[in-house]
Structures are given as structure tokens and as C-alpha cells.
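Input: a single structure, listed below in C-alpha cells.
Nothing in this text is a laboratory measurement; each read-out follows from the coordinates by a stated rule. Please read these numbers as outputs of a predicted model, since none were measured by experiment. Every residue, glycine among them, receives a Cβ derived from its backbone with ideal geometry; neighbour counts consider all protein chains shown.
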Amino acid sequence: MSSEAKPAESYVEKPKTLAELRAGIATGRTKAIDLAASYYERIEKKNPRLNAYLCLTKERALVQAARVDDAAAKGDPLGVLAGIPVGIKDVLVMKGAPATAGSKILQGYRPPYDATAVAKLEAAGAVLLGKLNCDEFAMGSSTENSAYGPVRNPVDTERVPGGSSGGSAAAVAANLAVATLGSDTGGSIRQPASFCGVVGVLPTYGRVSRYGLIAYASSLDRVGPFASNVRDAATLLSVIAGHDPHDATSSPAPVRDYAAESDKPAEGLRIGVPREYFAEGLDPEVRAAIEKGIAALEAAGCAVKPVSLPNTRYAIPVYYLIATAEASANLARFDGVRYGPRSKDSATLADMYRHSREEGFGAEVKRRILLGTYALSAGYYDAYYLKAQQVRRLLAEEYLRAFAEVDAIVTPTAPTAAFKLGEKTGDPLAMYLADIYTVTASLAGICGVTVPCGATKAGLPVGMQVLAAHLNEGTAFRVARAVERAGNRE
């Protein structure tokens, strides 16, 4: 497709805002059960092409919707998300629903409990529509690694939606859910949000409980929301954030009203622009869109200044050492004994382990397990894994110094707009480099928001990444909202 061509096929449909839908339900103008039914009709029509949903949880959703309608009819207090249709990435468990993590090795698994984030959504009144497709064990940047087929980008169905939370981003972009949950280890919320033209949130590490999240890399994994606008995403984060006794890494810091914080003007905020994110490899059209967004922030009264993050150049190798090492340890449990199906073609215990994992895992998961096992092996631990952890500390300290001078940092989310299906599958390194602008925040543990910031000549969305210091999500939302307002005025 040339830069002047139009997208091949578009399934994008902008939903009503969360506040509009909830107001209709609260006043009785809209029935939650009718709203849920309308979303299931839409999913039935569009999902066969997009492949965003892996399974639907209709029985549970309709029971919850009826509960909301009953409360509204009685005049009882309604939750913040009363009747709002939400989809869940298939790395978060839901009681009784399949939880595959996009892998054959978990086929048939139905967990007996809800992830904390899922339980909090339902407690706030959300109607949980179903489970969303993703790269296997959240390992990928295009959602082409799912054992259940790739997800297609609703903006242009010949292109990827990003990964690993491609189903979550695509579902919001196509209005197959008002909001969704995803997970982000090295960019798996932010990059798909950019590719699909929606808002995606990376909370501070520990801001949202990981209890019930099928682990990829435990020191990096985070749960966060997708929505069609900044305020809705902020509302979702306020619901799912908070300390959880089931997760020792969850933060005890009070949860703020992020929607209210997003309403505050960005005027007076100091915005850092790191030159390392505007170097070779950045697509000119993406660069132009981000520079336009920066100009909009200046027009909104922000003070823009250059900052330097020189250790950014080490981020990709550091991430792919630490993440794969942790994946190697986390996925060791899927051995055909404790978890996962047992291979029937095995004469010895060693054969059973080998065959079970060979049959159950896809190529990318195997690649990352091998990389991680090598990095942790005797004689290489100090040279690779330990060194990567030391550089990770340097990256985190670099951000702390930058945030002493600025309130937020803005960058491109990805070096290009969405690429074509199959374009990078034969070149793992090229695929890994799609995360070059997102992995640094993951390693540093800071928070961020991706917000739509224009489009290429071909109509492909471009996302701006807004980063803020630990537990400073409110500032990231304020900046993202200013970018969103500027875009809506055009």
C-alpha cells in the first residue's frame, strides 16, 4: 500500500462515552441488558473478520446486566461502571471461563477464581462480555503469535493491531466493547493503542494487582485499561487500582480520582522531549504527528524543554534479557505434570517434559524460553542477566533525574504506524524493535498513557506516549487529555 492509499477495510466505530452510557442506564432510558445484547450482535457480525474475541461469557454478562437494571429500577446506588460492556484480555482469569493466554498448552483450562482487576470491574457494575485474543503468553508485538489466529486491525484489516494486547485494542477501536483490560510487559498496551487509534494506560508497577494475571515476566507485567478516550481510561484505572493482599507487590498508596485529575488543564506543566526518541528509525510521518502534538501542548500553556535519556540505546537488549529470563522461570511450570496437557507420546519422564512443551508452546514462546534459560545458565548469569539488571537500575535513575526537571515526558509510542500482517514474522529482531520506545518505561517501573495524535497519509493512527513519574498517573492523564482536546478541535 502506498502512503497515499486508503486503508483496505475499516471496522472502526466510535462508541458513546462511559458517562453517556451510564447516565442512560441510571435514568432508565437505556437498559443494561439491551446494551449488552447490542454488543453481542455487533461482535457476532464483526468478530469473524477481526478475531478479537476468543470466547464470550454471555451467561455471566446478562446476569450482571439484569442486576444493574434491577438496581436502577429500584433507585439503588449504581457502581461507576454500571452496565458498561467490558472485554478482558485472555491472560487475566475469570471464574469458569476459558483462560488460554493465547496458547495451546492451556487449552481446556477454566480457572476457579477471578483476577482481582476483573473482580473490581464487576463490583463496579461492569458487564464482562468475554475474553480477548492476544499473543501467546503476551509475547509479541503484533498478535500474530496467538495459537488461535491473528487479530486484524479494525482501521485496516490487512494490518496488525499491535501486541500483545491486540484483541483488547481492536475491540475498543471497533466498538466491540466500551473498554477493555490488557497487560503490558514491554509495551503490550501502549503499542496496540497507538496502532488502533485508542487510549491505553501503563500504570505504575504495583498500582494494579497482578493477582490472576498469567505471568510472563513478573517484575515487568502490569494490568491496564483501554478506552476510546482519556477520561474513560482514567475512570477504569481508578476502579482497578489499589492495594491487594493477594499481591505483595501491589502499592498501598491511596487511589486518586484519575478522571477528575484528567479534567485539570495542562497549563504550566513542564514537558520533556528526549532527543534519543527522535533519532534514526523514526518514520517521518510519525515524527510529524508527534511534533504537531508537542506544538499543541505548547499552545495549551505547557513549557516544553529537551531532556536526555542516553541509556535508552541499551533498553532493547536489557529488556529481552530480563523478560526472557523471568519467562523461562515462570513458564517452567507448564510441564505436563503440574500444568498443561501431558503428551501421550513419551516413553520416559524426560521425553514427557520435552514433548509436552514442544506440542504446547508456539515458536516465539520457545524462542524466549531458550533465550532466558541461556541468560540464567551457569557461566552466563553474571555476564548477561546480572549486567542487564545493573543497566536497568541506570535507566530508572535516569528517569528520576529527568522528572526532577519536568512533570512529564512525551515521545512517539512506536517508530512506525501499524505494519502489514506477515511483514515482520520472519525477522524476530525487527519485531522486537517495534517496542524500542516503550520498553524503557517498563524497565523503570514508571507510568504512561498512549493517546491518539494524528494519522499518516494512509489514515493509519499515530499514538503519543506520555510518561510520568511513579504513582503520578494524574499528570500523565492531564497531558494526554490536552493532546486529545487539540485533536478534537481540528
Task: Cut-off of 10 Å, at most 14 other beta carbons, DSSP loop: longest stretch of the chain lacking such chymotrypsin sites (Phe, Trp or Tyr not before Pro) - done: 114-379
- [ ] Mean Kyte-Doolittle of at least 0.0 plus a Cα span of 18 Å or more along the axis: flag which DSSP H helices in the chain meet both, please.
- [x] 284-299, 315-330, 363-376
Task: the chain: antiparallel DSSP beta bridges as a percent of all, rounded to 5 - done: 65
TODO: Work out the charge dipole of the stretch 3-116 with +1 on the Cβ of Lys and Arg and -1 on the Cβ of Asp and Glu about the Cα centre, then indicate which of A71, A101, P15 is farthest towards its positive end.
DONE: A101
- [ ] Could you compute the FRET efficiency for E44 and S219, with r as their C-beta to C-beta distance and R0 at 56 Å, rounded to 0.05?
- [x] 0.90
Task: Expected-Rg normalisation [2.2 N^0.38 Å, Cα atoms] applied to the stretch 273-348 - done: 1.99
Task: Cβ charges +1 (Lys, Arg) and -1 (Asp, Glu), total dipole of the stretch 145-293, debye - done: 120
- [ ] Two decimals is fine: what's Rg over Rh for the stretch 319-401, C-alpha atoms, Kirkwood radius as Rh?
- [x] 1.13
Open item on the list: What does the extension gain come out to for K74 and F278, with contour length at 0.36 nm per residue minus their alpha carbon separation?
Closed with: 67.8 nm
TODO: Only helical DSSP H runs with n ≥ 4 go in: add -39500 (n - 2.57) per run for the chain, normalise by residue count and round the 222 nm mean residue ellipticity to 500 deg cm²/dmol.
DONE: -12000 deg cm²/dmol
Task: Unit Cα scatterers, Debye sum, the stretch 246-375: log10 I(q)/I(0) for q = 0.09 Å⁻¹ - done: -0.57
TODO: Could you list which residues have their amide H under 5 Å from that of L132, counting only those 5 or more apart in sequence or on another chain, with H placed in the peptide plane?
DONE: L54, I88, K89, D90
Open item on the list: Between E9 and R485, what's the calculated FRET efficiency when r is the beta-carbon distance and R0 is 35 Å? Round to 0.05.
Closed with: 0.70
Task: Given charges at beta-carbon only (K, R positive; D, E negative), |dipole| of the stretch 225-264 in Debye - done: 100
Open item on the list: Can you give me the long-range amide H partners of V307? Hydrogens built in the peptide plane at 1.01 Å from N, cutoff under 5 Å, separation of 5 or more residues or another chain.
Closed with: V273, R275
Task: Extent along principal axes [Cα atoms of the stretch 190-260; Å; largest to smallest] - done: 34, 30, 16
Task: Förster radius 25 Å - calculated FRET efficiency between L349 and T373, Cβ distance, rounded to 0.05 - done: 0.85
TODO: For a footprinting-style exposure proxy, rank L106, L92, L421, L394 by other Cβ within 10 Å, fewest first.
DONE: L394, L421, L106, L92
- [ ] Can you quote the Å³ per residue value for the convex hull of the Cα atoms in the stretch 1-131, rounded to an integer?
- [x] 137
TODO: State the Cα centre-to-centre distance between the stretch 104-136 and the stretch 341-395 in whole Å.
DONE: 27
- [ ] Distance between Cα centroids, the stretch 316-330 to the stretch 400-451: provide it in whole Å.
- [x] 17
Task: Charge dipole (debye, nearest 20) of the chain; +1 at Cβ of Lys and Arg, -1 at Cβ of Asp and Glu - done: 460
Open item on the list: Can you bin every Cα-Cα distance in the stretch 68-217 into 10 Å intervals starting at zero and give me the percent of pairs per bin, rounded to whole numbers?
Closed with: 13, 41, 34, 10, 2
